[in-house]
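To start, the structure itself, in structure tokens.
The values are calculated or read from the model by the stated rules, or taken from the named source; none is laboratory data. Since this is a predicted model, take the numbers as computed values, not measurements. Because the Cβ atoms are built from the backbone with ideal geometry, glycine has one as well, and the counts that use them run over all protein chains shown. With ligands, DNA and RNA removed, areas are computed over all heavy atoms of the protein, side chains included. Shrake-Rupley method; radii C 1.70, N 1.55, O 1.52, S 1.80 Å.
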Amino acid sequence: MSSPAGGGTAFPWDAAMSVGLGLLRLRPRDFWRMTPRELAQALAPRTPSPLAVITRPGLADLMRRFPDRGSG
């Protein structure tokens, strides 16, 4: 599928259909009635949350609470 005239990226229809019809097992009628935002919300419980970034103070706190043990 080609990009829209504005130069943006094309919507990933193949992936959306695989997820909607395959993973979520939506009926085709229900899938085609959904907006992309609704599809994203339906997937939210199955989508892993992004990992939190640890800060330097957070790392220092973890190191204090869980110090490495010596190898001997």
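Looking at Pro67, Pro50, which is the one that is over 17 Å from Pro12 (Cα atoms) and open to solvent by 100 Å² or more (accessible area, probe 1.4 Å)? Break it down stepwise before answering.
Working: Pro67 fails: open to solvent by 100 Å² or more (accessible area, probe 1.4 Å).
On inspection, the qualifying residue turns out to be Pro50.
List pairs: first in region 46-60 and at pLDDT below 90, second open to solvent by 100 Å² or more (accessible area, probe 1.4 Å) and part of a helix (DSSP H, G or I), Cβ under 8 Å, 6+ apart or cross-chain?
Partner pairs satisfying both residue conditions: none exist.
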